[in-house]
Amino acid sequence: MKKTEIKKNYLLKLKELSKHNKFYYDDSKPAISDIEYDNLKLDILKLEEKYNFLKNKSSPLNVVGFKPSKTFEKYEHKVQMLSLSNAFNKDDLINFEKKIYNYLNSKDYFNYSVEPKIDGISASLTYIDKKLIYGVSRGDGKFGEIITENLKTIDDIPKFINKKSFPNEIEIRGEVFIKKKDFLKIKDNFANPRNAASGSLRQKDPAETRKIPLNFIAYTYGYLQKNYFKYQSDFLKELKKWGFKTNKENRILENIDELIKYHHQFEKIRFELDYDVDGLVYKINNLNLQSRLGFTSNSPRWAIAHKFSADSANTKVLNIEIQIGRTGALTPVAKVEPVNIGGVVVSNATLHNEDEIIRKDIRIGDIVEIERAGDVIPHVVLVDKNKRLKNSKRFVFPKICPSCGSQTIKEYNQSTKKYDAVRRCTNDSYGCEKIAIEKIKHFISKEALNIDGLGKKVVEKFWDLNFIKKPQDIFKLNYKNIVNLDGWGKLSVNNLKNSIENSKKVTLQKFIYSLGIRHIGTENAKLISDNIKNISNFIDLIKSENFEKFLNIDGIGETQIKSLRNFFSNKLNKEIVIELNAILKIETQRIKETGILKDKTFMFTGKLNGISRAEAKSLIEKNSGITLSSVSKSLNYLVVGEKPTRRKVEQAKSLGINIISLRELKKLLN
Ligand code: IVH
C-alpha cells in the first residue's frame, strides 16, 4: 500500500474513533459496543506501531480519557440531587423573593449566601465514621453511579477527616471541574471543560481519571442525620475547617440590589478566573427557613441560579425548518451557517413560533445575531436588515402539518382572551408521525421511564425500521434483528435489553408523566398519583372519564382537566395505558404509614396567620394527611383562618365535619 493510502486509512479510523468518543462523552449515547470500540482503538495503535510516520496528536496514545468498558453500579441518593431554577434579570429575582414571602406568608428577615455557579459536574460524597465511603455522580437526581475510586483520585477530596466537629454520617456535595489552563492541554479531545471532567469521572480505571487534573469545591450537604448548623455560611466555614475547598468568591449579601451589584461585578471578572462559571447561586442563608421552604419537584424554593448574560455572534440563515413537538406544536428552527459562540459551535437556533418570525421578519438568507446562554437553546436576537438581499421573500409559515398534512390551529385562550402564539397539528396523538416519535422520546426520557440505552437517535432509527411505533413496542423488541444492525454488537444489545428490563419497574408518578399528556408535567403527575394512589384506580378513572374528581386536588385546574379529557377521549391512548400496565410493574405510591394524620383529610378556608396555604398543605402531607379543595362527605377537618368563606363553614357544619383553628391543627401535629 502507498504511504498516502495508509495515512488516509489511518485518519479515517481516527475520525471514527473521535466520532464514537463524542457519542459516548458528549451525548452519553454510545453507538458501538465496548469490544468494537476497543478493536478500533487497537487497529489504530497497531498502525502507529507499524508505520512510524503516522504521528498525530489525536492518537489514542495522546488522548487522555478512554471510553470506559464498564457501567457503574447504581446508587439511590438518600436525598434527591435536584437542579436549580434560573433567573436572568432583576424581575426574575423579585419574583423569586415574592414567591418565598408568599410561601412563608410573612416578612421574615433573611439574607443570602452567594456562591459562583461553577460549570462542572456535581458529585456527592458520603462520609461514615469520618471516612469517605461513597462517591456518587448525580445521575438522574434520584439514582447516581458509584464512582468512589475515581473521585478518590482528586486531591481536593479528603478521604478521612479527623475533626471532632465532623458528623458521624454526612453527605457532602460539590462540583468537580477542570481548570481552564489544564483544559487547554486536552482541548482537542473534548467539546468543553465540563465534558472533559465528565468523561474523566466515568473511566473504568481510576489511573485514567488521575491523568486529567480534576478539582473539587464543596457547597452543600445532602443527607445529614441531624441539624448541626443554623446558616449556610456557617456550614461553608465548617467545610473549610474540615479540609474541603470552598469558593473564595462566596459572599453574604442582604438584598436584591446587592445581588445585582455583585452579579454585575462578577460578570466582568469571570473571564479572569481559572474555571468556567455560568452564573451565581443565591441561597437563603438561614437553614431553618430553607427547610420550611422545601422543594418543588425539580428545584429548591430557597435557591436560584442567576445566569450570566449570553454570548452572541452573527451568522447567515440557511434554511427555516419546522419541527413538530410531542404536543403537536410547530416550532420553527433556523438552520444557520455554523458559528462559534463562546466556545460552542452553533448551527441551529430556535425561532420560537410563527408570531416571532412575523414580528422580527426573519427570512431565509438573512444575516442574524444569535445569542446563546448556558444550556439554553440559542435564539435569534435580531435581523441585520441592511445586509438583506433585494430578492429575499417573507417566510410563509405552513398552515398544514408538514409531517401528516393535517389542519393546524392556534388555540383560543379563554382566560387571556387571546389566540395562542403557537400553531399546533390537530392530528390525534399517534396519527401524526412526528408527534408519535416525539411521544416515544418523551416516554423514554430521564424523568419518565429513563431508558438510557435507548437514545433519541435510536428511537428514530427503530421507528424507520418499524420496530417501534408505540411505547409498548419497546418491550416487544426482537433483539435478534438489532444485533445485526450497523453500529450494534452483542454487548450493546445486551445493555439495551438490560436497561429496558430495568425500566419496567416504575412509579405511578413517572408513569403518568411518561404518557406525555399536555399540561401534565412532573409536578402535576405527582399531584395526580398522590391522589389516585394506584394504577387500577387510574385505569378505572380513565374508563369512567370522571376527571372532574381531580378538581378536588389543590393545584389541578380546568386546563389540566380539559387536557386529560381530551387525551383520553382518544381510544388509542386508553389502550396504550392498559397495555403498558400489563407489561410494566407500576408501583403504588409509597405512603408513609407512620404519619400522625394518616388517612385524614383537610381543607382550609380564610387567611392563616404566619403560614401560607402551600406550607400548611405541605405540613399536612409530610404527616401523611391529604388536603382537599372542596367540602364534601369525605372531608374530616375544615381548618378555619381569618375571614373564612361563610358558605364553606355552613356546608361543613351541615355535614358534621370537624371545624378547627390553625392552633388546633398544630396541636394535632404536636
Ligand atoms: S446548590 C438543590 N451550589 O448547579 C440544588 N449548586 O442546577 C442544590 N452548582 O447540580 C445545588 N455551583 O452541579 C449549588 N454553589 C453551588 C453550585 C451548584 C454549581 C451546580 C450543581 C447543581 C446545579 C444545579
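The values are calculated or read from the model by the stated rules, or taken from the named source; none is laboratory data. Treat the numbers as computed from the prediction; the structure is a model and nothing was measured. Every residue, glycine as well, gets a Cβ built from its backbone with ideal geometry; the counts of neighbours run over all protein chains shown.
The residues on offer are Gly174, Gly139, and the sole one that is within 16 Å of the ligand (Cβ to nearest atom), surrounded by 15 or more Cβ atoms within 10 Å (Cβ to Cβ), among the small types (Gly, Ala, Ser) and assigned to a loop (DSSP other than H, G, I, E, B) is Gly139.
Among the conditions (1) within 28 Å of the chain's Cα centre (by Cα); (2) not in a helix (DSSP H, G or I), Gly595 misses just one, which is (1).
For the range 562-587, which positions are buried (at least 17 other Cβ atoms within 10 Å of the Cβ), aliphatic (A, V, I, L, M) and free of Cβ contacts under 8 Å to residues at least 60 places away in the same chain? Within the range 562-587, just Leu564 meets the criteria. Do you know which of the residues in the range 323-340 that are surrounded by fewer than 18 Cβ atoms within 10 Å (Cβ to Cβ) and over 24 Å from the mean Cα position of the chain (by Cα) is farthest from the ligand (Cβ to nearest atom)? Looking at the filtered set, the residue picked out is Glu337.
Rundown of residues vs (1) under 14 Å from Leu93 (Cα atoms); (2) not acidic (Asp, Glu), yes/no style:
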| position | (1), (2) |
| --- | --- |
| Glu238 | no, no |
| Trp242 | no, yes |
| Lys248 | no, yes |
| Ile256 | yes, yes |
| Glu267 | no, no |
| Asp274 | no, no |
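Looking only at residues in the range 118-131 that are more than 22 Å from Ile260 (Cα to Cα) and under 28 Å from the mean Cα position of the chain (by Cα), the one that is nearest to the ligand (Cβ to nearest atom) is Ser122. Which pairs do you get when a residue that is closer than 16 Å to Trp302 by Cβ and touching a residue at least 24 places away in the same chain (Cβ under 8 Å), found in the range 74-87, comes within reach of a residue that is within 8 Å of the ligand (Cβ to nearest atom) and assigned to a loop (DSSP other than H, G, I, E, B), reach meaning Cβ atoms under 7 angstrom, with the pair 6+ apart or on two chains? Every condition considered, the pairs that remain are Met81/Arg138; Leu82/Ser299; Ser83/Ser299; Leu84/Ser299; Ser85/Ser299. Taking helices (runs of 4 or more DSSP H) as the structural unit, those lying wholly within the range 3-116 and holding at least 3 residues that are under 24 Å from Lys307 (Cβ atoms), at pLDDT 75 or above and more than 21 Å from the chain's Cα centre (by Cα) correspond to 90-104. Across the range 268-295, the qualifying residues are those that are part of a loop (DSSP other than H, G, I, E, B) and out of contact with any Ser or Thr (no Cβ under 8 Å at 6 or more places or on another chain), and the one among them that is farthest from the ligand (Cβ to nearest atom) is Asp274.
Of all the residues in the range 201-213, those that are more than 14 Å from the ligand (Cβ to nearest atom) and within 26 Å of Val79 (Cβ to Cβ) number 2.
Restricted to the range 306-321, and to residues there that are free of Cβ contacts under 8 Å to residues at least 60 places away in the same chain and surrounded by fewer than 21 Cβ atoms within 10 Å (Cβ to Cβ), the residue that is nearest to the ligand (Cβ to nearest atom) is Ala313.
In the range 525-537, the residues that are touching a residue at least 60 places away in the same chain (Cβ under 8 Å) reach residues that are outside any loop (DSSP other than H, G, I, E, B) with C-beta atoms within less than 6 angstrom, at least six apart or across chains, in these pairs: Lys526/Gln509; Ser529/Leu508; Ser529/Gln509; Ser529/Ile512.
Please go through the range 184-199 and give me each residue that is away from the ligand (no atom under 16 Å from the Cβ) and either assigned to a strand (DSSP E or B) or in contact (Cβ under 8 Å) with a residue 40 or more places away in the chain (or both), ordered by number. Across the range 184-199, the qualifying residues are Ile186, Asp188, Asn189, Phe190, Ala191, Gly199. Taking each residue of the range 214-230 that is surrounded by 14 or more Cβ atoms within 10 Å (Cβ to Cβ) and looking for partners that are outside any strand (DSSP E or B) and of a type in the set (Phe, Trp, Tyr) with beta-carbon atoms closer than 6 Å, six or more apart or interchain, yields Ala218/Phe244; Phe229/Phe235.
Number of residues in the range 234-261 that are part of a helix (DSSP H, G or I) and over 15 Å from Leu280 (Cβ atoms): the value is 8. The condition (being on the phi > 0 side of the Ramachandran plot and of a type outside the set (Gly, Ala, Ser)) is satisfied by just one residue among Glu545, Glu523: Glu545. The residue list Lys181, Lys152 contains one member that is touching a residue at least 40 places away in the same chain (Cβ under 8 Å), under 30 Å from Lys19 (Cβ atoms) and more than 16 Å from the ligand (Cβ to nearest atom), which is Lys181.
Quick one: would you say Ala303 is surrounded by 19 or more Cβ atoms within 10 Å (Cβ to Cβ), within 16 Å of the ligand (Cβ to nearest atom) and not charged (D, E, K, R)? For Ala303, the condition - surrounded by 19 or more Cβ atoms within 10 Å (Cβ to Cβ), within 16 Å of the ligand (Cβ to nearest atom) and not charged (D, E, K, R) - is met. Checked against (1) in contact (Cβ under 8 Å) with a residue 40 or more places away in the chain; (2) within 29 Å of Tyr37 (Cα to Cα), Tyr479 passes all but a single condition, namely (1). When the residues of the range 87-117 are narrowed to those that are touching a Gly at 6+ places or on another chain (Cβ under 9 Å) and within 8 Å of the ligand (Cβ to nearest atom), which ends up nearest to Gly199 (Cα to Cα)? So the residue we want is Lys117. When Asn386 is tested against (1) assigned to a helix (DSSP H, G or I); (2) in contact (Cβ under 8 Å) with a residue 40 or more places away in the chain, just one condition goes unmet, and that condition is (2).
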